[in-house]
Amino acid sequence: MSLGTLTVNDAKDGFLLDGRPWFWLADTCWSAFTSVSLEDWDYYLARRAEQGVNVLQVNTLPQWDRCRPDLGIYPYASEDGTRFDWGSPNPAYWERARTMAEMAEAHGIRLALVLIWCNVVPGTWGAAIAEKTGSSLMPVEGACAHVRRVVAELGSFDPVYIVSGDTDFKSEETIAYYDRVLDEVCDAAPGALRCLHINRGNRTIPEGYLDRLDFYLYQPGHNYAAQYEAWRLPEDLRGTYPKKPMLNSEPCYEQMGASRNVYWRFSAHDCRASAWAGILAGASAGVTYGAHGVWNWQTSASAGSVLGEGFDAPFRWQECLQFPGVWDFGLIPEILRGLGQGEAPSVRPAQELLDDAREQIRVGAVGNSIVAYLPFATKLKLKGLDEVLPDAAAWSATAFDLETKRLARLQVEADSEGDCLSVPQHPFEHDALVVVEGLPTERS
C-alpha cells in the first residue's frame with residue numbers, strides 16, 4: 001500500500017497528505033531496528049494503529065541509551081553494539097529494517113527516520129559522554145555514506161528524514177558536519193520532508209540550514225523543573241525563524257522518571273499538559289507521544305543501558321502499551337477536527353487574550369472558537385475578544401474534562417462592551433479544555 005504524498009501546506013503551519021489536512025501523531029520507538037522482534041513489532045504496530053498513531057520516530061543507528069541486551073543485529077559490524085566498523089555494513093540489519101518498514105506501511109504508519117544521532121557526531125554533548133565509554137564516532141564521510149544507504153534501503157517507503165538526533169549546535173565542527181549531512185539528504189532524497197531533532201531546551205538552529213528544512217521539531221524533554229519549555233520553545237522559535245510547521249517531538253514521556261535522577265514520574269496528565277500547551281502556542285502541525293520502556297524497548301531480561309542521563313528504571317514495553325496517555329494524544333486531532341467542523345483547522349496562538357499572569361494556562365484561536373487549556377480548575381478571564389471575534393453578540397463556553405472525557409456547559413459573564421469575559425471555574429478535578437464561542441447577532 002502507499003501512504004500517500006506528504007507536503008507542507010500553503011500557510012506553512014501544517015501538513016497535507018495527498019492535498020488534505022493531516023495531523024502528525026507519532027510515537028517514539030527509537031530502538032526499533034535493533035531491539036524489537038518481528039512478532040512483537042507486529043503486535044506493537046497493531047496497537048499503536050488502533051490508538052491513532054500515524055508516524056513512528058525511529059533511529060537508523062543503534063540508540064545509544066537503549067535497553068540491553070538487544071537482538072545483536074546492527075547496521076555495521078560490531079562485537080559489542082557500542083563500537084562499530086562504519087565501513088562494514090551488515091546486510092541482515094538492512095533486510096530486517098525493510099521488513100519492519102513494510103509492516104509499518106501495512107498498518108498505515110509512516111516512519112520518521114533519524115539519520116545521525118548526536119552521540120556519533122564530534123563536538124556534541126552526546127559525543128562527550130559516549131567517548132568516555134569507548135563508543136565509536138562516525139567520520140563525516142561515513143555519515144554521508146550512511147545517508148545514501150538509508151535512502152537506498154528505505155526510501156521507497158516515503159519516510160520523513162530527521163537529520164539529527166537530540167543534537168546541540170555549539171561547535172563549528174558539529175555545524176559543518178550536519179551541513180554536509182543535510183546536503184547529502186537533499187541530493188539523495190530531494191522530494192522527502194526534512195527536519196532536525198534538537199536537544200532539550202535548544203533554541204538554536206544554524207541559519208545556513210533553514211532553507212533545507214521543511215518543518216521544526218522541538219523538545220521540552222524530561223526535566224521536571226523546566227516543563228514550561230512546552231510553550232516557551234515554540235514561542236521563541238516562532239519569533240526567531242521563518243514560518244514553518246512546528247511540533248512538540250519529545251514532550252515528557254509517560255511514566256518516565258525525571259532527568260538527573262529527580263524522584264518523579266511523569267503522568268498522563270503531565271504529558272497532556274505538554275502536548276496541549278505546545279499546540280496552543282503554535283506547534284499545531286502535530287505532536288509526538290512517548291512511553292518509558294517503548295522508546296528504549298525494556299524487556300524482562302533488560303539489564304539497563306551502557307549510557308544514559310540518570311533516569312529511573314523503565315517499565316517493560318508490554319506494560320507501557322497499557323498506559324492511558326496515548327489515548328489522550330489520539331483524541332487531539334479529533335478535537336481539532338471537531339472545532340474545524342470536519343477539517344483540521346489552523347491553530348493561532350492567542351495568549352494575549354488571557355487576562356491572567358499564570359502562563360501555564362494556554363490560549364489559542366481554533367476556527368471560530370477560543371480554546372484555553374487549564375492544567376487545574378480555576379476561573380478563566382479573557383480580554384480583547386472584539387478584535388478576534390468582532391461579530392459576536394453573546395458567548396457560550398464548554399469545558400471538556402481531559403481525564404474522564406466529560407462535558408460541562410458554563411455560564412459566561414461578559415462586560416457591557418463585550419470585550420472582556422470571565423468563565424467560572426469548571427467542575428472537574430482534572431485538566432480541561434475550555435472552548436469559548438461567539439454567537440452572532442442573529443442568534444443573540
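Read-outs: derived from the displayed coordinates by stated rules, not from any lab. Only a predicted model underlies this, so the values are computations on that prediction, with no experimental measurement involved. Every residue, glycine among them, receives a Cβ derived from its backbone with ideal geometry; neighbour counts consider all protein chains shown.
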Item to check | Whole-angstrom gap from the range 19-86 to the range 152-220, using each part's C-alpha centre | outcome: 19
Next on the checklist: Please report the net charge: other residues with Cβ closer than 10 Å to the Cβ of ILE198, K and R +1, D and E -1.
Outcome noted: -1
Checklist entry - Between TRP24 and residues 5 or more places away or on another chain, which pairs have amide H atoms under 5 Å apart, with H built 1.01 Å from N, and which residues are they? => result GLY286, VAL287
Checklist entry - So how long is each side of the chain along the principal axes, counting just the alpha-carbon atoms, biggest first, in Å? => result 74, 43, 42
Checklist entry - Can you give the helix-only mean residue ellipticity at 222 nm for the chain, where every DSSP H stretch with n ≥ 4 adds -39500 (n - 2.57) and the sum goes over all residues, rounded to the nearest 500 deg cm²/dmol? => result -8000 deg cm²/dmol
Checklist entry - Label SER267 and ALA152 with points 7 Å out from Cα along Cα→Cβ: what is the distance between them in nm? => result 5.2
Checklist entry - Which residue fluctuates the most in the chain, going by a Gaussian network model with Cα springs under 10 Å, if the choices are ASP211, ASP183, ASP312? => result ASP211
Checklist entry - Suppose R0 equals 22 Å; then what is the FRET efficiency for GLU334 and LYS381 from their Cβ-Cβ distance, rounded to the nearest 0.05? => result 0.20
Item to check | Summed residue charge, Cβ within 12 Å of TYR216's Cβ, Lys/Arg positive, Asp/Glu negative | outcome: +3
Checklist entry - P(r) tail for the range 13-152, what percent of Cα pairs lie past 17 Å? => result 62
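Full-extension gain between TYR43 and ARG409, please, as 0.36 nm times their residue separation minus the C-alpha to C-alpha distance.
On the way: separation 366, 0.36 × 366 = 131.76 nm, distance 4.01 nm.
Residue separation times 0.36 nm, minus the Cα-Cα distance, leaves 127.7 nm.
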Item to check | Projected area, mean over directions - the range 350-443, Cα convex hull, nm² | outcome: 5.6
Checklist entry - Each label point is 7 Å from the Cα along the Cα-to-Cβ direction; what then is the distance between the points at LEU71 and TRP125, in nm? => result 3.1
Checklist entry - Taking 0.36 nm per intervening residue step and subtracting the Cα-Cα distance, what contour gain separates THR204 from ALA92 on full extension? => result 36.6 nm
Checklist outcome for this item: In nanometres, the difference between 0.36 nm per residue of separation and the alpha-carbon distance of LEU16 and VAL388 is 131.3 nm
Item to check | Most fluctuating residue given options CYS271, CYS186, CYS320, as computed from a GNM of the chain linking Cα atoms under 10 Å | outcome: CYS186
Checklist outcome for this item: Taking MET1, MET100 and counting other beta carbon atoms within 10 angstrom, the fewest-first order is MET1, MET100
